[in-house]
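The values are calculated or read from the model by the stated rules, or taken from the named source; none is laboratory data. All values derive from a computational prediction rather than experimental measurement. As a convention, Cβ positions derive from the backbone with ideal geometry for all residues, glycine included, and neighbour counts pool all protein chains shown. To get the accessible areas, we keep the full protein, side chains included, count just its heavy atoms, and leave off ligands, DNA and RNA. Shrake-Rupley method; radii C 1.70, N 1.55, O 1.52, S 1.80 Å.
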Amino acid sequence: MGAGHDHGHAHGAPTSGTAAAAYRGRLRFALAITLTVMVVEIVGGIVADSLALIADAAHMATDALGLGMALLAIHFANRPPSGNRTFGYARAEILAALANCLLLLGVGGYVLYEAIQRFVTPAETEGGVTVVFGLIGLVANMISLMMLMRGQKESLNVRGAFLEVAADALGSLAVLISALVIMATGWQRADPIASVAIGLMIVPRTWKLLRETLNVLLEAAPRDVDMAEVRAHIVALPGVEDVHDLHAWTITSGMPVLSAHVVVSSEVLSGIGHEKMLHELQGCLGDHFDVEHCTFQLEPGGHAEHESKLCH
């Protein structure tokens with residue numbers, strides 16, 4: 001370390017596993033259920049000539065791919081860091097969530113297009129058969145939802161899988177309602193209406209997930225971290241004169257990171273030492289904010305101008 005350019009690290013190292021890793025088994029279970037119901041609904045859609053069942057099966061096929069990618073992302077995300085990839089492959093989870101969003105939007109568009117075609121040329125759908133297969137799908141999706149309920153609060157990757165299964169459950173419910181309407185009234189357009197409902201249910205949830213995912217990729221501050229408040233807490237510490245180059249971002253779900261250049265008076269640094277100052281900074285953020293991995297550079301007054309000259 002050069003004089004006047006001391007680097008301090010408050011070591012709250014990133015957790016050894018990403019937030020989604022704890023739910024690997026549940027994701028596998030949800031994937032097995034999704035693949036089974038997909039096959040069942042394809043058969044049912046062909047037998048009953050139900051677009052709603054076929055649409056739900058197509059959505060489940062996409063969900064199965066999404067769940068598979070989520071599991072693959074967890075595998076890569078929990079590989080140890082290397083010299084070139086200092087955070088390992090943790091960001092793979094976020095890329096999987098982004099891919100899931102694009103897939104969901106594609107499926108939603110396909111379902112809406114096919115539904116419009118059915119309005120133009122209605123098909124004869126067997127309501128009774130559709131009810132049976134729709135009920136199977138609904139029960140299976142509810143089981144998967146219960147398995148993923150907790151994990152979706154902790155990981156964007158798991159949340160993407162959860163939202164896909166939730167959309168499937170709503171889709172199965174729409175299939176049931178349309179089939180019951182057909183059985184009771186013979187009104188065949190209930191089937192494409194249910195398909196439109198499935199397509200429209202996909203979009204809002206997907207957009208919300210896409211926005212959160214893009215925030216991570218664009219390295220925006222974590223949603224629950226107020227940067228102005230972080231700055232105020234650091235500056236309030238005895239001896240701290242200023243803070244600059246303050247950054248906070250998210251590597252992947254459950255892994256927020258913060259770095260800052262902290263200007264500390266020479267008298268305070270001489271009195272308590274660098275190590276004590278770093279412990280106080282780490283304790284301040286640990287007590288008030290959910291940021292475990294922080295990197296601080298302690299500087300004397302006027303050092304920022306010196307750095308500025310070096311950059312030119």
Order these peptides, 164-175, 277-288, 91-102, by their mean beta-carbon neighbour count within 10 angstrom, highest first.
-> 164-175, 91-102, 277-288
What do you get for Rg/Rh over the stretch 209-274 if you use C-alpha atoms and the Kirkwood form of Rh?
-> 1.11
In nm, what is the difference between 0.36 nm times the number of residues separating HIS75 and MET227 and their Cα-Cα distance?
-> 51.5 nm
Other-chain or far-sequence residues with amide H under 5 Å of MET255's (modelled H) | none
How many Å² of accessible area per residue for the stretch 26-182, probe 1.4 Å?
-> 42
Scale the Cα Rg of the stretch 16-140 by the rule-of-thumb value 2.2 N^0.38 Å and send over the ratio, two decimals.
-> 1.33
State the percentage of accessible surface on the stretch 217-293 attributable to carbon and sulfur atoms; use a 1.4 Å probe and exclude ligands, DNA and RNA.
-> 53
For the chain, what does -39500 (n - 2.57) per DSSP helix run (n ≥ 4), summed and divided by total residues, give at 222 nm, in deg cm²/dmol to the nearest 500?
-> -22500 deg cm²/dmol
Kindly provide log₁₀ I(q)/I(0) values, in the same order as q = 0.15, 0.21 Å⁻¹, from the Debye equation applied to equal alpha-carbon scatterers of the stretch 104-245.
-> -0.83, -1.21
Which residues in the stretch 190-220 place their backbone N less than 17 Å from a point set 7 Å from the Cα of LEU145 along the Cα-to-Cβ direction?
-> 197-206
Rounded to the nearest 5, what is the percent of antiparallel bridges among the DSSP beta bridges in the chain?
-> 65
Kindly give the semi-axes, whole Å and largest first, of the ellipsoid equivalent to the stretch 176-304, taking each as the square root of 5 times a Cα gyration tensor eigenvalue.
-> 55, 12, 10
Obtain the nm distance between the two label points defined at LYS153 and LYS208 by a simple spin-label model: each point lies 7 Å from its Cα along the Cα-to-C-beta direction.
-> 1.5
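The stretch 170-228: D in µm²/s via Stokes-Einstein (Kirkwood Rh, Cα pairs, 25 °C, 0.890 mPa s)?
Taking Rh from Cα pairs, D becomes 174 µm²/s.
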Quick one: Debye curve from the alpha-carbon atoms of the chain only, equal weights, vacuum; give me log10 I(q)/I(0) at q = 0.06, 0.07, 0.08, 0.09 Å⁻¹ to two decimals.
-> -0.31, -0.41, -0.50, -0.58
In whole angstrom, how long is each semi-axis of the equivalent ellipsoid of the stretch 66-159, when you take the square root of 5 times every eigenvalue of its Cα gyration tensor and sort them from largest down?
-> 37, 18, 9
Would you mind telling me which residue in ARG85, ARG231, ARG223 has the biggest mean-square fluctuation in a Gaussian network model of the chain, where springs connect alpha carbons within a distance under 10 angstrom?
-> ARG85
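Work out, step by step, the length gained on full extension between GLU219 and LEU246: first 0.36 nm times the residue separation, then minus their alpha carbon distance; give nm to one decimal.
Values: separation 27, 0.36 × 27 = 9.72 nm, distance 1.29 nm.
Net length gain for the segment: 8.4 nm.
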